[in-house]
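Following: one structure in structure tokens, then a few remarks.
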Amino acid sequence: MAREALLCICPPDSGGLAALHAALPGRTVLTAATLHEAQCLLDQQPCAVGLLIDTIGRAPDPELQIFLSRHSHMHWVGVLPRTVLDSDAHRRLMATHLSDYHTLPVDPDRLRFTLGHLFGQAALQDDTALPPRLGAMGITGNSPAVQRLRIQIARVARVSAPVLIWGESGSGKELAAQAIHRASARAEGPFVAINCGAIPPNLIQSELFGYERGAFTGATHARAGLIESASGGTIFLDEIADLPREQQANLLRFLQEKTIYRVGATRSVSADARVIAASHVNLEVAVAEGSFREDLYYRLSVLPLVVPPLRERQADLRALADQIFASHAGDAGRRLRGFTAGAHAAMLHYSWPGNVRELINRIRRAIVMCDGRLITEEDLGLAAPPEPAAVAKELGASRERFEREAVTDALRRHGGMVSRAARDLGVSRSTMYRLLDKYGLHGRS
Ligand SMILES: Nc1ncnc2c1ncn2[C@@H]1O[C@H](COP(=O)(O)OP(=O)(O)OP(=O)(O)O)[C@@H](O)[C@H]1O
């Protein structure tokens, strides 16, 4: 199977390839000396796992970031000199894009183990025999909020106007955008996603709009931008609030005229891509603050759609947790049976600030870390919710405190006259006497 090949990006003078062949007897390795060569190889055949030997710190950061963002569906492993770890920027890049890293010199056994694990994970994700157990439109859950979302998705899929999706981070905005694309007449066309916040501002224009040969140093060949490459399909612009103002103007022109100018071009080209934008910040506030163009906001928000945060669809938690567990239980390398009742209770009690992405991360970590056959709330890193008995006890104590204060206040207001205080509190005289007994307040009446 083609995806079983390993893509290895390795500068020619790094000497890393020899170590790699020792670590990986029998595995097909596609080697590229540059990111451009790697892109050409990936255009010809997809790979599930990629290795960056001594590339981080050598290849220009922004280009590497864009390359890795484009291929974020692959598992990437870095092999690098220890000195790279001293750089904050490189550590950030690694944390964002890599599944694992090794320092030079390579320990072949450890590298073989890492790659084997990642190929295993990729095979699981590919394995169509696994029941996907996804809900309609690929969106798990049946809470009223999710049902409403599905209806809205079906409606906006019928037309081609821009859609603006708002939702907290990790709540499923990209998933909703994919569902719109799949349900639309453009389903056969490409779905191209870009995170506007992840691309350096000086590169975003050429990424979105493409460039002509000679447009800038290093532009040795013309290249179509992402909008052009989404022609006939959908372009998903995530974190649209991060788009620099100059590019906001270019995007507006594209939305109005359906044409774009590649960087360095003198003539426009037409592009037929539907735009779906998403933001976790309130764009109206960004408009009021002057960081987002008002005309673009109105153009984009023709069809607004809100993805609810996970805490507002607790009814979906169990189905989501079960589906995530089913997809990743194989990572444990042994048979796990599911969650304890305590784990389910803790998940319901937690507020999920990172939404479904956080749920996925916690369950994946728990699958690897748990000792028994069932995942507990500790494995998930969640606090146990208060015991029902403890809650009842606390409620009882609060009620008694409140009752005692109410009786004391009423007696004070009525100069110790029990009948009047009882009338004021709306209780009978006998109840009032019972309360005086209970709280030892006779001396005050
Ligand atoms: N209802 C759902 N059913 C199944 N998977 C979901 C659901 N909602 C979210 N997910 C999964 O959660 C993860 C995060 O979702 P997604 O990337 O769509 O969120 P997002 O809102 O676009 O995040 P960000 O704001 O960080 O870009 C993805 O793996 C997605 O498949």
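The values are calculated or read from the model by the stated rules, or taken from the named source; none is laboratory data. Since the model is a prediction, treat every value here as computed from it, not as a measurement. Every residue, glycine among them, receives a Cβ derived from its backbone with ideal geometry; neighbour counts consider all protein chains shown. Note: areas computed on protein heavy atoms with side chains; ligands, DNA, RNA excluded. Shrake-Rupley method; radii C 1.70, N 1.55, O 1.52, S 1.80 Å.
The table below lists the values:
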| item | result |
| --- | --- |
| Accessible carbon and sulfur surface of the chain relative to its total accessible area, %, 1.4 Å | 52 percent |
| Theoretical FRET efficiency, 1/(1+(r/R0)^6), r = Cβ-Cβ of residue 220 and residue 188, R0 35 Å, to 0.05 | 0.60 |
| Estimated inter-spin distance, residue 284 and residue 430, nm [label 7 Å along Cα→Cβ] | 5.8 nm |
| Mean-position separation - Cα centroids, segment 206-226 and segment 291-343, in angstrom | 37 Å |
| Over segment 276-415, equivalent-ellipsoid semi-axes from the Cα gyration tensor in Å | 39, 34, 11 |
| Values of log10 I(q)/I(0), in the order q = 0.15 Å⁻¹, for segment 143-308 under a Debye, Cα-only, solvent-free model | -0.80 |
| Cα→Cβ-extended label distance, 7 Å offset, between residue 258 and residue 87, nm | 4.4 nm |
| Cβ-derived FRET efficiency at R0 51 Å, residue 291 paired with residue 413, nearest 0.05 | 0.35 |
| Point-to-point label distance, residue 195-residue 312, nm (Cα→Cβ direction, 7 Å offset) | 2.3 nm |
| Protection-proxy order for peptides 48-57, 272-281, each taking the mean of Cβ atoms within 10 Å per residue, highest first | 48-57, 272-281 |
| In degrees, nearest ten, helix 173-183 long axis to first principal axis of the chain (Cα) | 70 degrees |
| Length released on extending from residue 383 to residue 371, taking residue separation times 0.36 nm less the Cα-Cα span | 2.5 nm |
| Sites residue 36 and residue 268, calculated FRET efficiency, Cβ-Cβ separation with R0 25 Å, nearest 0.05 | 0.40 |
| Debye, to nearest 20: dipole size of the chain, +1 on Lys, Arg Cβ, -1 on Asp, Glu Cβ | 1780 debye |
| Cα Rg, Dmax, the chain, angstrom units | 29.5, 98 |
| Most fluctuating residue given options 104, 115, 300, as computed from a GNM of the chain linking Cα atoms under 10 Å | 104 |
| The chain, relative contact order [Cα under 8 Å, separation at least 6], % | 12 percent |
| Per residue solvent-accessible surface (Å²) - the chain, probe of 1.4 Å | 51 Å² |
| Rounded tilt (10° steps) of 245-257 against the dominant C-alpha axis of the chain | 80 degrees |
